[in-house]
Amino acid sequence: MYNIKTLNNISSKGLERLSSNLFAVDEEGAQPDGILVRSAAMQDMALPESLLGIARAGAGVNNIPVDKCSEAGIVVFNTPGANANAVKELVLGGLVLASRKVGKGMEWAKTLAGQGDAIGKLVEKGKSQFTGPELAGKTLGVVGLGAIGVKPIWPPIWAWRCWGTTRTSLWRVLGAFRAACATASICPTSSPSVTISRCTFPPRLKQKAL
């Protein structure tokens, strides 16, 4: 039986994959064989001698003392792509928020408080300033076709054209498309990239504008 300690709230769907015949999950275990962690900082944490491995629920391991673990023979795992769908939905949500001026519309709506019966006419008069361009029929440029980047390409409800790349210059993509999302990240083993999401910018966007 292996004792697993959780340092953060881990989804029950994930914990259910640990057979009860082999693993005992305990949030307070003093001598765990394994640790499941999300964002808890472990740099200053004393690593028990019983510890065999640390699994990070996510891609990054910056909150885990990897060097210290290596010296102690503790294996560190990560789970790239585990939250890819959640990130994809946030990217798509960001495209809608920016394109349709949702945030500005919400702030404007707050100014109508207390207007009483005049609200209807005020809404009809002012709502046109928050329409924004529709995403349907536009072309989405995706830079970085990893676990996250491939997901926005096939959402049939959008009826948009998608163009993805792993090598083309970011600035070429930003200059060519009305909407773009960059899903690649910066890490020591790959060439520098970006983690931005933008949409509805002028076709001839200058690099310094970002």
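The values are calculated or read from the model by the stated rules, or taken from the named source; none is laboratory data. Remember, it's a predicted structure, so these values are computed and weren't measured experimentally. Glycine also receives a Cβ, built like all others from the backbone with ideal geometry; neighbour counts cover every protein chain displayed.
Answer with yes or no whether LEU36 is touching a strand residue (DSSP E or B) at 6+ places or on another chain (Cβ under 7 Å) and either closer than 17 Å to ASN83 by Cβ or among the β-branched types (Val, Ile, Thr) (or both). Here the answer is yes, as LEU36 does meet what is asked.
In this structure, is SER19 more than 30 Å from VAL150 (Cβ to Cβ) and either in a loop (DSSP other than H, G, I, E, B) or out of contact with any Cys (no Cβ under 8 Å at 6 or more places or on another chain) (or both)?
Judged against the criteria, SER19 is a match.
Tell me, please, whether a residue that is touching a Lys or Arg at 6+ places or on another chain (Cβ under 8 Å), over 22 Å from GLY60 (Cα atoms) and modelled with pLDDT under 80 can be found in the range 179-191. Among the residues of the range 179-191, at least one is touching a Lys or Arg at 6+ places or on another chain (Cβ under 8 Å), over 22 Å from GLY60 (Cα atoms) and modelled with pLDDT under 80, which makes the answer yes.
Among the residues that make up the range 24-32, is at least one of them closer than 21 Å to ILE148 by Cα and either among the aliphatic types (A, V, I, L, M) or assigned to a loop (DSSP other than H, G, I, E, B) (or both)? No - not one qualifying residue is present in the range 24-32. Is it the case that some residue within the range 60-79 is modelled with pLDDT under 85 and either assigned to a helix (DSSP H, G or I) or surrounded by 15 or more Cβ atoms within 10 Å (Cβ to Cβ) (or both)? No. Among the residues of the range 80-89, those that are without any contact (Cβ under 8 Å) to a residue 60 or more places away in the chain and part of a helix (DSSP H, G or I) comprise ALA86, GLU89.
Does the range 100-107 contain at least one residue that is in contact (Cβ under 8 Å) with a residue 12 or more places away in the chain, among the basic types (Lys, Arg) and within 21 Å of VAL142 (Cβ to Cβ)? Checking the range 100-107: at least one residue is in contact (Cβ under 8 Å) with a residue 12 or more places away in the chain, among the basic types (Lys, Arg) and within 21 Å of VAL142 (Cβ to Cβ).
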